[in-house]
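Enquirer: One structure follows; several queries about it will come next.
Read-outs: derived from the displayed coordinates by stated rules, not from any lab. Worth saying up front: this structure is predicted, and the values here are computed from it rather than measured. Backbone-built Cβ (ideal geometry, glycine too); neighbour counts: all protein chains shown.
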Amino acid sequence: ESGYMVVFCNSDEKLEKEALYFQMFEDRWVDGIIISGVTGKSREEKEYIQGLHKKGIPAVLIDREIEGYFTNIVMIDNEGAAFKATEYCLDLGHKRIGFISAPLDIKILADRFKGYRKALEEKRIEFDKSLVIEGNQTIQSGREATKQFLNLDAPPTAIFAVNDLMAIGTLKEIQERGLKVPEDISVVGFDDIPLASLVNPALTTIAQPIYEMGREAMSLLVKNIEKKDLTKSKIILDTKLIVRESTAPLKRR
C-alpha cells in the first residue's frame with residue numbers, strides 16, 4: 001500500500017545469523033527494518049540497532065523489546081497474557097499447574113514465566129520448581145516435558161505451555177498415556193496458530209493480534225522513513241484468551 005518492497009529473513013533464533021542479516025541490510029542501505037530480535041537481552045542486538053540509527057536507517061521492533069534501549073516497538077504484554085492463562089486454570093480449580101517454558105534468555109519468554117508465577121502468588125499457591133520444565137518450542141519438546149510431568153508422584157492437573165506447538169505435543173503425550181484431555185488434565189497454549197483449532201480436542205490458548213502487530217509496525221516504520229513522525233512509540237496490543245475444548249474444571253477425586 002505504501003509502495004515499498006519487503007524482504008523477509010528468518011534468524012532461526014540464532015544471534016550469528018541475525019548479525020549477518022543486520023550487516024547485509026546495512027551494506028545495502030535499505031530504507032528501514034522491522035526486527036523481532038533473538039533474545040532482547042544481548043549487548044550485540046543493542047549495538048546493531050544503534051548502528052542502524054547512526055547510519056540513518058530507521059528500525060521498529062516487533063514482539064521483542066531490547067532491554068535498556070528505547071526505540072519504536074509494537075508488542076503484547078507477555079507477562080499479563082501468561083497471568084491471564086494461569087489465572088484461568090486456577091479459577092477452574094487447578095492448583096498443580098505445569099509450566100512448559102522455553103529458553104528464559106529470550107525476554108518475552110522470561111516475561112511469560114513471570115506472569116505464571118505472579119498468578120500463583122496472587123492465589124497464594126506455593127511455587128513448585130518440579131512443575132517447570134524447559135522445552136525448545138517444538139512439538140517433540142512438549143511431549144518430552146509432559147513425560148516428565150506424568151512421571152511425578154503428584155502430576156499436574158493442568159499444563160500451560162508458552163507456545164501452541166509444545167501444547168500440542170502435550171496433548172499427544174497425554175493421549176498416548178491413555179489419559180484424556182481435559183477430563184484428566186487440562187492443557188493451555190499460547191499464540192493461537194491455525195493448528196490450535198484443528199487438533200482434537202481443540203486447544204485453549206492465548207491469541208496474539210499478529211496482523212495488527214505487523215500493520216502497526218509497518219505504519220510506524222513508514223512514518224519514520226518519510227520523516228512524518230520521528231517520535232518514539234511503544235504500542236502494546238491486547239491478547240485474548242480463546243477457550244476451547246482442552247480445558248475443564250478440576251475433576252474432584
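Enquirer: Just to confirm a number: summing +1 for Lys and Arg and -1 for Asp and Glu over residues other than Q23 whose beta-carbon lies under 15 angstrom from that of Q23, what do you get?
Expert: -2
Enquirer: Can you tally the net charge around T204? Count Lys and Arg as +1, Asp and Glu as -1, for every other residue whose Cβ sits under 11 Å from the Cβ of T204.
Expert: Surrounding charge for T204 is -2.
Enquirer: Okay, next question. Among S233, I57, F22, pick out the residue whose Cα is farthest towards the positive end of the charge dipole of the chain, where Lys and Arg carry +1 and Asp and Glu carry -1 on C-beta, about the Cα centre.
Expert: Most positive-ward Cα: S233.
Enquirer: Helix-derived [θ] at 222 nm for the chain: sum -39500 (n - 2.57) over DSSP H runs of at least 4, divide by residue count, nearest 500?
Expert: -12500 deg cm²/dmol
Enquirer: If you wrap a convex hull around the Cα atoms of the range 1-136, how much volume per residue is inside, in Å³?
Expert: Expressed per residue, the convex hull around the Cα atoms of the range 1-136 is 131 Å³.
Enquirer: Here's a follow-up. Test of understanding: what is the full-extension gain from E67 to K55, defined as 0.36 nm times their sequence separation minus their Cα-Cα distance?
Expert: Taking E67 through K55 to full extension adds about 2.2 nm, to one decimal.
Enquirer: Can you tell me how the range 78-207 classifies by the Cα gyration tensor, rounded, prolate or oblate, using a/c under 1.5 as the rounded cut?
Expert: Because its axes are fairly even, with a/c under 1.5, the range 78-207 counts as rounded.
Enquirer: Translational D (Stokes-Einstein, µm²/s) of the chain at 37 °C and 0.692 mPa s when Rh comes from the Kirkwood sum over C-alpha pairs?
Expert: 170 µm²/s
Enquirer: Any chance you could give the angle, 0 to 90 degrees and rounded to 10, that helix 15-28 forms with the longest Cα principal axis of the chain?
Expert: For helix 15-28, the angle is close to 20 degrees.
Enquirer: Oh, and also: So which trypsin sites (Lys or Arg not before Pro) in the range 5-52 pass both tests, a DSSP loop state and at most 15 other Cβ atoms within 10 Å of the Cβ?
Expert: K14
Enquirer: So if we plug the beta-carbon distance of K240 and R177 into 1/(1 + (r/R0)^6) with R0 = 35 Å, what FRET efficiency do we get, rounded to 0.05?
Expert: That gives a FRET efficiency of 0.70.
Enquirer: Still on this model: What order do you get for 139-146, 231-238, 52-59, 244-251 when each peptide is scored by the mean count of other beta carbon atoms within 10 Å, highest first?
Expert: 139-146, 244-251, 52-59, 231-238
Enquirer: Based on the Cβ-Cβ distance from R28 to D105, what FRET efficiency comes out when R0 is 30 Å, to the nearest 0.05?
Expert: Efficiency, rounded to the nearest 0.05: 0.50.
Enquirer: What number comes out for the charge environment of N10, summing +1 per Lys or Arg and -1 per Asp or Glu over other residues with Cβ under 11 Å away?
Expert: Net of charged neighbours comes to -1.
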